[in-house]
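The values are calculated or read from the model by the stated rules, or taken from the named source; none is laboratory data. As the structure is a prediction and not an experimental result, all values here were calculated from the model. Heads up, the Cβs are rebuilt from the backbone with ideal geometry, glycines too, and the neighbour counts pull from every protein chain shown.
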Amino acid sequence: MLPVDGGFNPESSVLISLSSLVWWLVYIYIWVIIIRVLISWFHPNRQAPFVAFLRKVADPPLNFTRRLCPFTFGGMDLSPIILILFLHFLANFLKNSLITLGIGLPATKIIPVLVICLLGVVNSLAWFVFLLLVARVILSLVDPSPYNPLVMMVYGLTEPLLAPLRGLFSKGPAGLDVRALVAAIGLFVFNQFILLKLLGVANAWYLSRPVTASIF
């Protein structure tokens, strides 16, 4: 990619190349965190070389996040989700900030980049919750064992969200969880008609031209 003035600028080329490198490194680390969390569900041998490596690399930021944000939701520790969302934000913010500087835009454009990346985190979190709610709707129709770990996770994470709707809706046909269905539809509407609109406004601010084009 060339800078705005159309001339070759070695510094710009380095910044743009660095943006991709930073993005890949952070996302590789996100997968290290995910693998560490998934493996912990199976109670592995802590002395196994691969497990020891994962614990050494992933546990320090996980423990720090757990101390900084000691949040649980539905009986589940949210520190891995908080850390992954932060790393997701960091990867996109650093990448797009470096691209912004690399193509010759003023440093003030980093402010809308920050807003866009924050909205991106909200969007990712909203879609994650939406998928959990859809999973709960499907589970209500198939009536699975309540002791299945996946079922326990879905119900544990969604029940606190649905608690305010308790008593407003009765069970639907075939045991359909109407609360989860209504919440999923509401979240979908929020994503499509509010959050995307805000992202469009932020992109227009970044580009200072119509919303139709974006580097994101």
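Annotations
- Selected residue (criterion: nearest to Tyr27 (Cα to Cα)) from residues of the stretch 73-99 that are among the polar types (S, T, N, Q) and either under 9 Å from the mean Cα position of the chain (by Cα) or modelled with pLDDT of 90 or more (or both): Asn92
- Filtered residue count, the stretch 164-197, keeping only those that are part of a helix (DSSP H, G or I) and in contact with a Lys or Arg (Cβ under 6 Å, 6 or more places away or on another chain): 2
- Scan of the stretch 45-72 for residues that are within 20 Å of the chain's Cα centre (by Cα), assigned to a helix (DSSP H, G or I) and not small (Gly, Ala, Ser), ordered by number: Asp59, Pro61, Leu62, Asn63, Phe64, Thr65, Arg66, Leu68
- Just one residue in the set Leu157, Leu132, Leu161, Leu150 is of a type in the set (A, V, I, L, M, F, W, C), touching a Gly at 6+ places or on another chain (Cβ under 8 Å) and not in a loop (DSSP other than H, G, I, E, B); that residue is Leu157.
- Pro10 exposed (fewer than 11 other Cβ atoms within 10 Å of the Cβ) and either of a type in the set (A, V, I, L, M, F, W, C) or modelled with pLDDT of 85 or more (or both): no
- Qualifying residues in the stretch 57-87 (those that are among the polar types (S, T, N, Q) and surrounded by 14 or more Cβ atoms within 10 Å (Cβ to Cβ)) - the one farthest from Met152 (Cα to Cα): Thr65
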